[in-house]
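Structure, as structure tokens:
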Amino acid sequence: MKILTWNVQWFCGLDDVVDVDRVIRHAQAWCDADVLCLQEVAIDYAGLTGNAGFDQVARVRALLPGFAVFFGAAVDERGRDGQRQRFGNLVATRLQVEQVQHHALPWPADGGVRSMPRMCTSVTVSAPFGPVRIMTTHLEFYSKRQRMAQAHALVDLHRQACGHAAQPPLDDESGGPFQNKRHTASAVLCGDFNFETVDEEYRVLQAAGPHDTTRLVDAWTVAHAGDAHAPTFRVFDRRYGPEPISCDFFYLSEDLAPRVRQLMVDEKTQLSDHQPVVLELG
């Protein structure tokens, strides 16, 4: 099973051209992913660079026949022109989907600092080796206070899901919304976290709680033990800092660590200001 994560910057390349088709074509040609987790997907944001004033989710859906596409809007608001605008994360998969959840992440006040709401989309799929909860997110860039709160919330969401797997709710096969869910402690968390490996948030996501049965670990350290992370941001575009950094990660539950086959970064494409990353589990 191959999972790709990519902050596609509303499908705007470093040439300032917005083109959903070329991004999806490149992603599939590069790794032929079973699951695509994309951040910064826009619907009707004409004010963004290159003009993202159309439904990008609909275009992705048209380009990926045979894939189920799920969009979680972190921002859903009235634009300056009066039109509804949405901005968030997208998960597309050709695997069987068991359930989908959209979680709003904390957005504590941090006066005088630019920020926007953030969220996490969780899609439980049937992998060849069993159910896996795929979670994708995009954390705050400017506010460390908000980013730290969001990191703690992601850990709590994972622990909550593990709790349901260990202690399932009352059995219910009524066919209604209380019917049995496909709970699993096996999880992959990916996205643009807007922190580096030296930051506290990086450690927070891997911290083991007193009752944890499976904590999250950085998949890079499993696939490339002892090697420095390949850069995923500011590789070609230095507007946000002088040096390339790694801030797009895959975390996974410890039970999946033996299944890691490879983790790769495409360090050549300039179709976004971030580089795509793919994780293969066997």
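Inside region 222-266, residues that are surrounded by fewer than 16 Cβ atoms within 10 Å (Cβ to Cβ) and polar (S, T, N, Q) make up a count of 1. Condition check for Glu280 on (1) under 17 Å from Gln39 (Cβ atoms); (2) at pLDDT 95 or above: one failure, at (1).
Any residue at all in region 197-215 that's hydrophobic (A, V, I, L, M, F, W, C), closer than 23 Å to Met264 by Cβ and out of contact with any Lys or Arg (no Cβ under 6 Å at 6 or more places or on another chain)? Yes; the residues of region 197-215 include at least one that is hydrophobic (A, V, I, L, M, F, W, C), closer than 23 Å to Met264 by Cβ and out of contact with any Lys or Arg (no Cβ under 6 Å at 6 or more places or on another chain).
In region 190-221, the residue that is surrounded by the fewest Cβ atoms within 10 Å (Cβ to Cβ) out of those that are touching a Cys at 6+ places or on another chain (Cβ under 8 Å) and more than 18 Å from Asp255 (Cβ to Cβ) is Glu196. Taking Ser122 as the residue in question, decide whether it is of a type in the set (S, T, N, Q), touching a residue at least 12 places away in the same chain (Cβ under 8 Å) and not in a strand (DSSP E or B). Spelling it out, it is not the case that Ser122 is of a type in the set (S, T, N, Q), touching a residue at least 12 places away in the same chain (Cβ under 8 Å) and not in a strand (DSSP E or B).
Taken together, the criteria place Val113 among residues that are surrounded by fewer than 16 Cβ atoms within 10 Å (Cβ to Cβ) and farther than 19 Å from Arg159 by Cα.
Rundown of residues vs (1) assigned to a strand (DSSP E or B); (2) among the aliphatic types (A, V, I, L, M); (3) under 23 Å from Cys247 (Cα atoms); (4) within 18 Å of the chain's Cα centre (by Cα), yes/no style:
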position: Ala33; (1), (2), (3), (4): no, yes, yes, yes
position: Ala42; (1), (2), (3), (4): yes, yes, yes, yes
position: Gly47; (1), (2), (3), (4): no, no, no, no
position: Ala74; (1), (2), (3), (4): yes, yes, yes, yes
position: Glu77; (1), (2), (3), (4): yes, no, no, no
position: Leu90; (1), (2), (3), (4): yes, yes, yes, yes
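Looking only at residues in region 197-249 that are hydroxyl-bearing (Ser, Thr, Tyr) and out of contact with any strand residue (DSSP E or B) (no Cβ under 6 Å at 6 or more places or on another chain), the one that is nearest to Arg159 (Cα to Cα) is Thr213.
Anything in region 20-54 that is acidic (Asp, Glu) and surrounded by fewer than 16 Cβ atoms within 10 Å (Cβ to Cβ)? List them, or say none.
Matches in region 20-54: Asp21, Asp32.
Among the residues of region 198-223, those that are at pLDDT 95 or above, closer than 24 Å to Arg133 by Cβ and not charged (D, E, K, R) comprise Tyr202, Val204, Leu205, Gln206, Leu216, Val217, Ala219, Trp220, Thr221, Val222, Ala223.
The values are calculated or read from the model by the stated rules, or taken from the named source; none is laboratory data. All values derive from a computational prediction rather than experimental measurement. Backbone-built Cβ (ideal geometry, glycine too); neighbour counts: all protein chains shown.
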